[in-house]
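Engineer: Dropping the structure in here first, questions after.
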Amino acid sequence: MKRFLLGLALCWGLPFYAQSQPAADLIIRNAHIWTVDAARPEGEAVAVLGERIVAVGSNQQIEAWRGPYTRIVDAEGKRLLPGFNDAHVHFVDGGAQLDNVELNDATSKSEFARRIGERAAKMPKRQWLLGGDWDETKWDPSELPTKDLIDPLTPEVPVAVNRYDGHMVLANSLALKLAGITAQTPDPAGGVIVRDRLGNPTGALKDAAQDMLFKAVPSLTHDQRRHAVERALEHAASLGVTSVQNMNPDYADIATYNELLDEGKLTTRIYAAPLITQVDDQVKMGIRRAFGGPYLRIGAVKAYADGSLGSATAYFFEPFADQPDNRGLLSDEMHPISLMRDRMMRADSAGLQLCTHAIGDAGISAILDIYSEIETAHGTRDRRWRIEHAQHMAAKDFDRFAQLHVIASVQPYHAIDDGRWAERRIGHDRASRTYAFRTFLDHGVRLALGTDWNVAPLNPMLTLYAAITRATLDGKNPNGWFPEQKLTIKEAIEAYTLGSAYAEFQENEKGSIAPGKLADMVLVSDDVLAIDPVKIRDVKVLKTWVGGKLTYDAATAKPEAIRR
Ligand SMILES: [Zn+2]
């Protein structure tokens, strides 16, 4: 609500000029603000009117915005930052995973099996056991799980637990049976059914082969989906994530966001990019990039060029160092490449933004080829093409990346996670151009930061920690894995706020604490700009605001009722 003092001032006969300014709804004072606004990088206080920031300055300057109804928050000298904008999440999967079986931190095969068995015992017969995010590299010996491990524990519950990168799933025998996958089933294009020496499926299915299994899984009911979104929103608010860019949502996910928006309960801003296989739907309606309102936008499509490094399906020019006969796979969307080119051309003609998953150097190169062909065919324009992950770059492609103004949408946490074993898989030379954040900046390539949640944790502090320390999770690279690629804390924060906003065409609306912008802010427990980088991963969020509304308060740990 806007409360203009002007009326009061006239009633009281005060001088017009002294009271012509409206009062703020919210003032945050005694803060240590890093604004990410080059025009005024620092401040002590900020005034918010409605859902926007109206002023940033000293406590004294902002005092002029105080009125009788202004809410005052004393930040007690804590660090205030723009809200984090996670440029790559799988929001509903993430929300669902908060309630699923947790396998990621299982440190052995037997622990993995035990957790699945315990969960299955509590589930109704025939209900699918999903999620998991397992990571066999944390086991000793590190080998792929097979269905034999879990079959005896899960005779009546179909199991489809995914590897944490989403590029492999382990099914039990019942799940394979329900999906009709047998020794006779051929590998699909862009996928692998892992088999034993006799040709029988082991239960592990890679990339496109996963779809054969997931077809048999009933889709979420409306209530399940809504619950997952609510869990995800709550989780995001508690971590200071005020915007997310949702890769490959189902249409039903977007419908659920819309339902919550209508009820005033959408507390995280969402830009949703459905799969390019459905490109014609948005084209038909004339939807263009960043179509919608401040809380919910569409207008992008998400494509897949290849698989992942962990599943040995990322597509490389040369074979993997540890698998001399394998150089990865192009995705099913790239069989043939002209299929992808045609879809991308259609999307671009319609004004849709392209966000393409590409991890291996040859996968990235193939997408840059297509982007370049589009530019030749359709002319230059402000398109903000993105490559999601952009993990392993060919040396020749950094310049092309910059010339085509492609945004590198990267997830630094993957660097400290994969950094444990990546060099064994691709060798030193290729590893030196892996998660090459500094090289991108040196070439003038814009970065957008994110997590790929639920592939990695949504917590921005872990991402900042990863980007500036590059200290792998196994503790073996305390000074950084390829330390020359580290970002500074200021660069990382900027890429995670303004950089991500730019990647969704919203840099004039959000991404910094500046007059006129949406009041999306986060107050944190310690000064991330000054503390020992190693301690950043322990920093906690104290308060989160979206559009000036408090969506998380650590003091009460209950989101304030959101009303708009
Ligand atoms: Zn992803």
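The values are calculated or read from the model by the stated rules, or taken from the named source; none is laboratory data. Since this is a predicted model, take the numbers as computed values, not measurements. Using ideal geometry, Cβ is built from the backbone for each residue, glycine included, and neighbour counts are taken over all protein chains shown. Surface accessibility is based on the protein's heavy atoms, side chains included, excluding ligands, DNA and RNA. Shrake-Rupley method; radii C 1.70, N 1.55, O 1.52, S 1.80 Å.
Engineer: Based solely on its DSSP helices, what 222 nm [θ] is calculated for the chain when runs of n ≥ 4 H residues each add -39,500 (n - 2.57) and the sum is averaged over all residues, nearest 500 deg cm²/dmol?
Structural biologist: Helix contribution divided over all residues of the chain: -8500 deg cm²/dmol.
Engineer: If you roll a 1.4 Å probe over the range 214-310 with all protein chains in place, what percent of the accessible area is carbon or sulfur?
Structural biologist: 53
Engineer: Moving on to the next point. For the chain, take the longest principal axis of its alpha carbons; what is the angle in degrees between that and the long axis of helix 222-238, to the nearest 10 within 0 to 90?
Structural biologist: Orientation of helix 222-238: about 60 degrees from the principal axis.
Engineer: Kindly flag which residue pairs out of K138/K215; K138/K177; K510/K549; K490/K535; K78/K540; K125/K147 have an alpha-carbon separation exceeding 20 Å in this structure.
Structural biologist: Beyond 20 Å between Cα atoms: K138/K215; K138/K177.
Engineer: Order these peptides, 192-203, 460-471, by their mean beta-carbon neighbour count within 10 angstrom, highest first.
Structural biologist: Top of the packing list down: 460-471, 192-203.
Engineer: Oh, and also: What do you get for the angle between helix 337-349 and the principal long axis of the chain? Use alpha-carbon atoms, 0 to 90 degrees, nearest ten.
Structural biologist: The helix 337-349 is inclined about 20 degrees to the chain.
Engineer: What angle do you read, to the nearest 10 degrees and between 0 and 90, between the alpha-carbon axis of helix 109-121 and the longest principal axis of the chain?
Structural biologist: 80
Engineer: Next up: So between A557 and L275, what do we pick up on full extension, going 0.36 nm a residue minus the alpha carbon distance?
Structural biologist: Difference between extended and current length: 98.0 nm.
Engineer: Mind checking the per residue accessible area of the chain for me, 1.4 Å probe, whole number of Å²?
Structural biologist: The answer is 40 Å² per residue.
Engineer: I would also like to ask the following. Which lysines does K284 reach when only Cα atoms under 19 Å apart count, and residues fewer than 8 places away in its own chain are ignored?
Structural biologist: Those lysines meeting the cut-off are K302.
Engineer: Further question: Cross-link partners among aspartates and glutamates for K543, C-alpha distance below 18 Å, same-chain residues fewer than 8 apart left out?
Structural biologist: D25, E44, E51, D74, E76, D86, E234, D520, D526, D527, D553, E560
Engineer: Continuing with this model, one more query. At 0.36 nm per residue, and after removing the present C-alpha to C-alpha distance, how many nm does the segment from R40 to K177 gain when stretched out fully?
Structural biologist: The span from R40 to K177 would gain 43.1 nm if fully extended.
Engineer: Could you work out how much longer the chain between K396 and D474 gets when fully extended? Use 0.36 nm per residue separation minus the Cα distance between them, nm to one decimal.
Structural biologist: Contour length minus Cα-Cα distance gives 24.9 nm.
Engineer: Just order 374-381, 304-311 by mean Cβ neighbour count inside 10 Å, highest at the front, would you?
Structural biologist: 304-311, 374-381
Engineer: In whole Hz and in residue order, list the ³J(HN,Hα) couplings for the range 296-306 that follow from phi through the Karplus curve 6.51 cos²θ - 1.76 cosθ + 1.60, θ = phi - 60°; x for Gly and Pro.
Structural biologist: Result, rounded to whole Hz: 8, 9, 10, x, 10, 10, 10, 10, 10, 8, 7.
Engineer: Follow-up question, since we're still on this one. Rg to Rh ratio, the chain, alpha-carbon atoms and Kirkwood radius?
Structural biologist: Looking at the chain, the ratio lands at 0.99.
Engineer: Hey, another quick one. Explain nothing, just the number: dipole magnitude of the range 213-287 about its Cα centre with +1 on each Lys and Arg Cβ and -1 on each Asp and Glu Cβ, in debye rounded to the nearest 20.
Structural biologist: 160
Engineer: Still on this model: May I ask you to derive the relative contact order of the range 325-419, considering only C-alpha pairs under 8 Å and at least 6 residues apart, and to give it as an integer percent?
Structural biologist: Reported relative contact order: 26 percent.
Engineer: Keeping the other protein chains in place, figure out the carbon and sulfur percent of the accessible area of the range 390-546, with a 1.4 Å probe.
Structural biologist: Heavy-atom surface of the range 390-546 belonging to carbon and sulfur, 1.4 Å probe: 49 percent.
Engineer: Taking only C-alpha pairs under 8 Å that are 6+ residues apart, what is the relative contact order of the chain in percent?
Structural biologist: 16
Engineer: So, by mean Cβ neighbours within 10 angstrom, what's the order for 105-117, 21-33, 164-176 with the highest one leading?
Structural biologist: Ranking, from highest mean packing down: 164-176, 21-33, 105-117.
Engineer: In whole percent, and with a 1.4 Å probe on the protein chains, what portion of the accessible area of the range 124-175 is carbon and sulfur?
Structural biologist: Exposed carbon and sulfur together represent 52 percent of the surface.
Engineer: What is the antiparallel percent of DSSP beta bridges lying wholly in the range 53-190, to the nearest 5?
Structural biologist: 30
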